[in-house]
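A short worksheet on the structure shown next.
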Amino acid sequence: MELVVEGLRANYPGTVAVDGVDLTVAPGQVVAIVGPNGCGKSTLLRCIARLHRPEAGRVLVGGDDLWRMRPREAAHRVALLPQSPRAPEGLTVAGLVRYGRHPHQGLFRQWSRTDEQVVAEALTATGVTDLADRRVDQLSGGQRQRCWIAMVLAQQTPIVLLDEPTSALDLGHQVEVLELAREVARSGRTVVMVLHDLISAARYADVLVAMRDGRVVAQGSREVVDTALVRQLYDLEADVLSAPGDGAPVVVPRAR
């Protein structure tokens, strides 16, 4: 399903966090939202996830206004993995992933063989099947993050939102998570993620959305990353080089 954000504006007391953002994302695309701390990236994601009500504008999924839906209906359209999620102590990986099926349960819809199959597929897709019986709190950071993504996939939404999914991970696990995001998109889902690393965003995203002070200052493919954009986002002078092999932009800060 297509995701469309129209004229979105969101506030906190005394602060405009998101100011007039427009965004259109086609199915199967990976979008990375980048920018300095406090620029509105996570607030934009929370508005799309129905966790922060916007002051103005609309979020449309498949042409339907997400904020006019009932919560359960919206949970069939959009799933969010927030920053630093925490699992109850002692919960197993399989138990965590089963939480993703909660929006599909109800008074007349209890746990089924289909639910069990979806959970198994999510475990397989994220490469954590062999961890199913392990406790989440006994895993490494990279393993835990893949388990959380499996939970989001088990929700079976066309839109997947990831808020800083590589935060606090080492380089190898960062690459694992970003490649997993690409795999999710190849299955036909839309992935929108907030990233701090501009280089990773340019390499793994189809579309970059660069924000500063609540506004989108650049939007497009990796070609939007240049010295002027780095200066505008981070007040930093840098050289932008092309990586050997795939030509992705590499940002090299200049000494002050």
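Only one residue in G100, G40 is open to solvent by less than 40 Å² (accessible area, probe 1.4 Å) and touching a Gly at 6+ places or on another chain (Cβ under 7 Å), so which one is that? Let's see the steps before the verdict.
Values: G100 fails: touching a Gly at 6+ places or on another chain (Cβ under 7 Å).
After applying the criteria, what remains is G40.
Yes or no: D206 within 25 Å of G62 (Cα to Cα) and open to solvent by 30 Å² or more (accessible area, probe 1.4 Å)? Show your work before the answer.
On the way: within 25 Å of G62 (Cα to Cα): yes; open to solvent by 30 Å² or more (accessible area, probe 1.4 Å): yes.
Against the criterion (within 25 Å of G62 (Cα to Cα) and open to solvent by 30 Å² or more (accessible area, probe 1.4 Å)), D206 qualifies.
Might you check whether a residue that is buried (at least 19 other Cβ atoms within 10 Å of the Cβ) and closer than 18 Å to D64 by Cα occurs anywhere in segment 25-37? Give the steps one after another, and end with the answer.
Narrowing segment 25-37 to residues buried (at least 19 other Cβ atoms within 10 Å of the Cβ): 25, 30-35.
Going one step further and asking which of them are closer than 18 Å to D64 by Cα, we end up with 25.
So far as segment 25-37 goes, yes, one or more of its residues are buried (at least 19 other Cβ atoms within 10 Å of the Cβ) and closer than 18 Å to D64 by Cα.
Can you pull out the residues in segment 169-183 that are among the aliphatic types (A, V, I, L, M) and either open to solvent by less than 10 Å² (accessible area, probe 1.4 Å) or in contact (Cβ under 8 Å) with a residue 60 or more places away in the chain (or both)? First the steps, then the outcome.
Here is the first cut: in segment 169-183, the ones among the aliphatic types (A, V, I, L, M) are 169, 171, 175, 177-178, 180-181.
Correct list: V177, L178, A181.
State whether the residues of segment 133-140 include one that is open to solvent by less than 20 Å² (accessible area, probe 1.4 Å), part of a helix (DSSP H, G or I) and within 22 Å of L51 (Cβ to Cβ). Give the derivation first.
Taking segment 133-140 first, the residues open to solvent by less than 20 Å² (accessible area, probe 1.4 Å) are 136, 139.
Then drop every residue that is not part of a helix (DSSP H, G or I), which leaves 136.
Imposing the further condition that a residue be within 22 Å of L51 (Cβ to Cβ) reduces the set to none.
Within segment 133-140 (the criterion being open to solvent by less than 20 Å² (accessible area, probe 1.4 Å), part of a helix (DSSP H, G or I) and within 22 Å of L51 (Cβ to Cβ)), the answer is no, since none of the residues qualifies.
Is it true that L66 is in contact with a helix residue (DSSP H, G or I) (Cβ under 9 Å, 6 or more places away or on another chain), buried (at least 20 other Cβ atoms within 10 Å of the Cβ), of a type outside the set (V, I, T) and free of Cβ contacts under 8 Å to residues at least 60 places away in the same chain? Don't jump to the end; show me each part of the working.
Working: in contact with a helix residue (DSSP H, G or I) (Cβ under 9 Å, 6 or more places away or on another chain): yes; buried (at least 20 other Cβ atoms within 10 Å of the Cβ): yes; of a type outside the set (V, I, T): yes; free of Cβ contacts under 8 Å to residues at least 60 places away in the same chain: yes.
When the stated conditions are applied, L66 passes them.
The values are calculated or read from the model by the stated rules, or taken from the named source; none is laboratory data. None of these values were measured; they are calculated from a predicted model. In this analysis, Cβ positions are derived from the backbone assuming ideal geometry, glycine residues included, and neighbour counts consider all displayed protein chains. Protein only, heavy atoms only, side chains kept; ligands, DNA and RNA dropped before computing areas. Shrake-Rupley method; radii C 1.70, N 1.55, O 1.52, S 1.80 Å.
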